[in-house]
1. Which numbered condition trips up Leu7, out of (1) at pLDDT below 50; (2) closer than 30 Å to Gly101 by Cβ; (3) surrounded by 10 or more Cβ atoms within 10 Å (Cβ to Cβ)?
2. Could you check region 71-125 and list, in sequence order, the residues that are at negative phi and charged (D, E, K, R)?
3. Which one is nearest to Arg28 (Cα to Cα), of the residues in region 64-95 that are among the small types (Gly, Ala, Ser) and not in a strand (DSSP E or B)?
4. Quick test of your reading of the structure: Gly41 fulfils all but one of (1) within 19 Å of Ser121 (Cα to Cα); (2) at pLDDT below 95; (3) out of contact with any Asp or Glu (no Cβ under 9 Å at 6 or more places or on another chain). Name the failing condition by number.
5. How many residues does region 50-63 hold that are in a strand (DSSP E or B) and of a type in the set (Gly, Ala, Ser)?
6. If I ask for residues that are in contact (Cβ under 8 Å) with a residue 24 or more places away in the chain and among the polar types (S, T, N, Q), which ones from region 124-136 would you list?
7. Taking Thr77, is it surrounded by fewer than 17 Cβ atoms within 10 Å (Cβ to Cβ) and in contact with a Cys (Cβ under 8 Å, 6 or more places away or on another chain)?
8. I'd like to verify a number: residues in region 10-38 that are at pLDDT 95 or above and either of a type in the set (A, V, I, L, M) or part of a strand (DSSP E or B) (or both), how many?
Amino acid sequence: MNTMGRLVAMAVALMLSTACGDPASPSRDYSGSWVGTTAQGKQISFEVSGGNLITRFTVAYTLQGRFQNAFGSGTCTEAGSLSVTPGSPIAITDNTFRYDGSRESLAGTFESETSASGTASFQGSASCSGTSNTTWTASKR
């Protein structure tokens with residue numbers, strides 16, 4: 001390859017590496033406090049630390065379920081707020097995350113550095129069995 005050909009090849013390689021960036025580094029920084037609302041009209045909030053890791057989240061919910069005891073059975077409503085500080089932070093990968101706990105799951109997608117949305121699911125307790133599924137949206141404070 002002649003000198004001109006090598007220079008062109010080096011220039012193309014440099015442009016590609018600059019345009020593509022380092023694939024190992026996060027392209028967006030979501031660090032901060034996030035707050036929003038579920039489709040049930042309940043609050044959701046979560047904290048994202050440096051390195052795009054969710055370190056805690058809180059979600060309020062209402063669940064319509066069924067109960068059965070010695071006196072009969074029927075419908076029930078369970079309402080509450082679930083606060084989770086996972087043993088290991090939840091990683092945000094390709095702008096998405098997922099957490100599956102014993103009675104709850106939370107998944108989300110970051111549309112931008114200030115906007116996120118997703119789904120949440122809750123399993124009822126022994127006294128009110130059922131499942132509640134909802135969507136949510138949140139914004140960075």
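The values are calculated or read from the model by the stated rules, or taken from the named source; none is laboratory data. Bear in mind that the values here come from a model prediction, so they are computed numbers and not experimental data. Ideal geometry is used to build each Cβ from the backbone, glycine not excepted, and the neighbour counts take in all protein chains shown.
1. Here Leu7 clears every test but (2).
2. Of everything in region 71-125, those that are at negative phi and charged (D, E, K, R) turn out to be Glu78, Arg98, Asp100, Arg103, Glu104, Glu111, Glu113.
3. Ranking the qualifying residues of region 64-95, first place goes to Ser88.
4. Gly41 satisfies all of (1) within 19 Å of Ser121 (Cα to Cα); (2) at pLDDT below 95; (3) out of contact with any Asp or Glu (no Cβ under 9 Å at 6 or more places or on another chain) except (2).
5. Result for region 50-63: 1.
6. Pass one, region 124-136, residues in contact (Cβ under 8 Å) with a residue 24 or more places away in the chain: 124-125, 127-132, 134-136.
Across region 124-136, the qualifying residues are Ser125, Ser127, Ser129, Thr131, Ser132, Thr134, Thr135.
7. Yes, satisfied.
8. The qualifying residues number 7.
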